[in-house]
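Working notes, structure below.
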Amino acid sequence: MDQAQQLRNIIKANQQRPLARVITVTSGKGGVGKSNTAINLAVQFRKMGQKVIILDADFGLANIEIMFGAVPKHSLYDLIYKGMNMSDIITWGPGEVGFISGGSGIVGMSDLSRDYLTYIIKNLAQLDAMADVIIIDTGAGISDAVLEFLVASGEILLVTTPEPTSITDAYSLLKALNRHPRFSNEHSQIKVISNRVSTEQEGKTLFNKLNAVVSKYLSLTLEYLGSIPQDQALSDAVMQQMPVSLESPRAKSAVAYENIASVLMNKEVDKKIQKRGMAAFFSHIVAGKKTT
């Protein structure tokens, strides 16, 4: 039995249990509020009664743990290379949101044996039983690692700001994704969040600018999710290493995150999002590494 068939069998077996909703948060450049968005959406989902786990896939940069003010004892590296259990590598942050530090775990996966990859996929599939929503916080920019996560994801949240460089870099990321041989626009949804805007209208204008260029030059469909206002309360919360959605839940940025989370949950209720689960997500990445 070849590796691809073995992975398909694992996925099929796991589809008999409830699958988690996997949401990937990304950005064209650093410093636009991507990790803040991932954390605060996770908190808002948790307030709605969802069990949430964040995977910090920004390897080498501990953004999630710094913003949560929690130091993980273990990472995805320990699962892959030291045989630790999935439950052992989850750190619980404020608001009962779990997170997994990526470490350098994914970097060497293409060199692992079939049996070891099977073991890893089976362990990652356990997350489907632990969470309703899994948020992947990617690195910023257009690295191969970021693109692998985006290609594997059925639901992508793209965070951008009104800064010209942010818009340009967001377009560059979408262009690279559009050219990727394994990306399927039909099976992926790309949703845009306008961050650090002065007004809601500025957020819509920002999206319209990006969408106009994408519609003209790329075969991608974008959806506008909403905007997050520039907010001193959010900056203060970051300094306190707490999500603004917990530190100042009635702050305008926290309310904006709540509204966006509600929109995402309503789409879930409408069954417009096909759940893939973590086994399918990571087997897609592994398959890509084996064929490149």
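The values are calculated or read from the model by the stated rules, or taken from the named source; none is laboratory data. For clarity, every value in this text was computed on a predicted model and none was experimentally measured. Glycine gets a Cβ as well: all are built from the backbone with ideal geometry, and neighbour counts include every protein chain shown.
With the structure loaded, tell me whether residue 26 is modelled with pLDDT of 70 or more, buried (at least 21 other Cβ atoms within 10 Å of the Cβ) and in a strand (DSSP E or B) or whether it fails that test. For residue 26, the condition - modelled with pLDDT of 70 or more, buried (at least 21 other Cβ atoms within 10 Å of the Cβ) and in a strand (DSSP E or B) - is met. Taking each residue of region 52-81 that is under 15 Å from residue 27 (Cβ atoms) and modelled with pLDDT of 80 or more and looking for partners that are in a loop (DSSP other than H, G, I, E, B) and among the β-branched types (Val, Ile, Thr) with beta-carbon atoms closer than 9 Å, six or more apart or interchain, yields 57/106.
Screening region 165-192 for residues that are within 17 Å of residue 23 (Cβ to Cβ) and of a type in the set (Val, Ile, Thr) and picking the one that is modelled with the highest pLDDT gives 192. Just one of the listed residues (167, 134, 120) is touching a residue at least 40 places away in the same chain (Cβ under 8 Å), over 20 Å from residue 53 (Cα atoms) and among the hydrophobic types (A, V, I, L, M, F, W, C), namely 167. Here residue 234 fulfils each of the conditions (1) within 21 Å of the chain's Cα centre (by Cα); (2) modelled with pLDDT under 95 apart from (2). Of the residues making up region 117-146, those that are over 17 Å from residue 102 (Cα atoms) and β-branched (Val, Ile, Thr) are 118, 133, 142.
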